[in-house]
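Below you'll find the structure, written out as C-alpha cells, and then a few comments.
The values are calculated or read from the model by the stated rules, or taken from the named source; none is laboratory data. The structure presented is a predicted model; accordingly, all values stated were derived computationally and were not measured. Counting neighbours? That spans all protein chains shown, and the Cβs are built from the backbone with ideal geometry, glycine included. Side chains are part of the model used for accessible areas, which takes the heavy atoms of the whole protein and leaves out ligands, DNA and RNA. Shrake-Rupley method; radii C 1.70, N 1.55, O 1.52, S 1.80 Å.
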Amino acid sequence: MPGHGSPTVRRRRLGQELRRLRERAELTGDQVAARLGWSAAKVSRIETARTSPRESDIEALLVIYMVDSDQRQELLALHRDANRKGWWEEYRDSLPKEYTTFLGLEAEAVMARNWEPQVVPGLFQTESYVRAMMESGQRSTLDPPGGLRSRIEVRMARQEAVLHGENPPEISVVLEESVLLRPFGGDEVMREQLRRLVEVSELPRVALRVLPLDAEHPINTGAFSHLKLPEFHDVVYLEALLGGRLIEDEAIVYRYEVAFDYLETKALDVGASRKRIEKTISRW
C-alpha cells in the first residue's frame with residue numbers, strides 16, 4: 001500500500017503555482033494560449049488541475065514565465081510527483097468523479113472529521129456490513145454485480161490506506177446512536193460491526209463519539225466529511241444517493257466546521273461512547 005501523500009493535491013498545488021507565475025508575468029490565459037498555440041481552456045484546465053499536463057507543457061509555460069533554473073527544477077519535480085498513481089486510481093472507472101477527487105484529497109489530509117447519522121462510516125465498516133448495506137441499496141442505485149464487488153474493494157483499500165498507512169490523519173467521527181441499532185445483514189453481521197467500532201475507537205489517532213438518541217439534535221443535514229489539508233484550504237464532501245458533492249467555498253466549509261464542533265459538544269465523550277457501543281453489542 002502506498003504511503004501518505006496525494007497526486008491530487010500535488011496537481012492542485014502545481015496549478016496554483018502556475019497561475020501565480022502567470023499573474024506575476026502580467027499575462028492573461030488568452031495571451032498565454034495565443035503564444036503557445038493552445039486554447040485558453042487548456043491553460044485554465046492546467047491551472048485548476050482538471051487535466052494532467054505533459055512535462056513539455058509545463059516546460060513551455062515556465063519559459064514564457066521566465067522562471068529561473070532552481071524553481072524550474074522544483075516545479076518539474078512537483079509535476080512528476082503529481083503524475084504518480086494514487087491507490088484509488090485502479091478503481092477510477094467505477095467511482096463517481098467527485099468521490100475520486102475526495103479520495104485524493106483525503107490521502108493528504110492531516111485531519112478528517114465525519115458526521116454520520118445513518119450508517120457506520122466507510123472507514124470503520126466490516127466487509128460483511130459493506131456487502132449487506134450495498135446489496136440492500138442496489139434496489140435503488142441499480143449497481144451491476146461487478147460494480148458491487150469493486151465498491152467493496154475500494155472501501156477495504158481505503159481503510160488500509162487511511163487507518164494504517166504512513167502518517168495517518170487525525171480522525172474524529174460523530175456517529176448517531178441510531179446507526180448502532182439499524183440492522184444490516186443480520187445479528188452476527190451487526191455484532192461483528194460493533195466490535196469493529198470498539199477496536200477502531202482504541203486506535204491512537206481516532207476519536208469516535210456517539211450522539212445519543214435522547215440528545216438535542218443540533219443540525220439538520222446528512223452525512224458529511226470535513227478535511228483539513230496542509231498548505232491548502234479545507235474541503236467538505238457531502239454524500240448523496242448517486243455519488244456526492246465536493247465543497248471548496250471557504251465560507252460554506254467554515255459553516256460545516258462550526259456544525260461539527262457543535263456536534264462534538266452534544267455527543268458522549270470517547271470513553272462513554274465506547275461503553276455505549278459495547279453495551280449495544282448485547283442487543284444483537
Inter-part distance where the range 252-284 and the range 149-194 are each reduced to a Cα centre, Å: 15 Å
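Average the reciprocal distances over every distinct pair of alpha-carbons in the range 144-284, invert the result, and give the Kirkwood radius in Å.
Details: mean 1/r = 0.0593 Å⁻¹.
About 16.9 Å for the range 144-284.
Summarise the accessible area of the range 194-262 (1.4 Å probe, protein heavy atoms) by the percent that is carbon and sulfur.
Details: 1790 of 3730 Å².
Answer for the range 194-262: carbon and sulfur cover 48 percent of the accessible area.
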GNM result for the chain, Cα springs below 10 Å: residue of Arg155, Arg20, Arg131 fluctuating most strongly: Arg20
Convex hull per residue volume in Å³, alpha carbons only, for the range 1-110: 113 Å³
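Quote the FRET efficiency, to the nearest 0.05, computed for Met156 versus Arg45 with a Förster distance R0 of 35 Å and r equal to the Cβ-Cβ distance. Don't skip to the end; give the middle numbers.
Values: r = 33 Å, r/R0 = 0.94.
In this case the efficiency is close to 0.60.
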Selection from Val258, His226, Val270 lying farthest towards where the dipole of the range 146-279 points positive, charges on Cβ: Val270
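Calculated from DSSP H runs of 4 or more alone, at -39500 (n - 2.57) each and per residue, what is the 222 nm mean residue ellipticity of the chain, nearest 500? Write out the running numbers ahead of the final one.
Values: 12 runs with 151 residues, N = 284.
Value at 222 nm, helices only: -16500 deg cm²/dmol.
Under a 1.4 Å probe, what is the accessible area of the range 72-203 per residue, stated in Å²?
Values: 5850 Å² over 132 residues.
Result: 44 Å² per residue.
Averaging over all projection directions, find the projected area of the Cα convex hull of the chain and quote it in nm² with one decimal place.
16.6 nm²
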Peptides 204-212, 27-35 ordered by average Cβ neighbours within 10 Å, highest first: 204-212, 27-35
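Compute the length gained on full extension between Tyr254 and Glu55: take 0.36 nm times their separation in residues and subtract their Cα-Cα distance, giving the result in nm to one decimal. Each step should come with its number before you reach the end.
Values: separation 199, 0.36 × 199 = 71.64 nm, distance 3.61 nm.
Between Tyr254 and Glu55, full extension yields 68.0 nm more.
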Accessible solvent surface per residue of the range 3-69, calculated while the other protein chains remain in place, 1.4 angstrom probe, Å²: 52 Å²
Apportionment of accessible area to carbon and sulfur, the range 8-63, percent (1.4 Å): 43 percent
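Anything in the chain that counts as a DSSP H helix reaching 15 Å or more along its axis (C-alpha) with Kyte-Doolittle mean of at least -1.0? List them, would you? Let's see the in-between values first.
Numbers: long enough: 7-24 (25 Å, -1.87); 69-82 (19 Å, -1.11); 127-141 (20 Å, -0.97); 145-164 (29 Å, -0.45); 187-201 (21 Å, -0.65); 250-266 (24 Å, -0.23); 270-281 (17 Å, -0.60).
Result, helices passing both filters: 127-141, 145-164, 187-201, 250-266, 270-281.
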Lysines whose Cα lies under 25 Å from that of Lys97, excluding same-chain neighbours fewer than 8 positions away: Lys42, Lys85, Lys228
Residue of His79, His226, His217 that the Gaussian network model of the chain assigns the largest fluctuation, springs spanning Cα pairs under 10 Å: His217
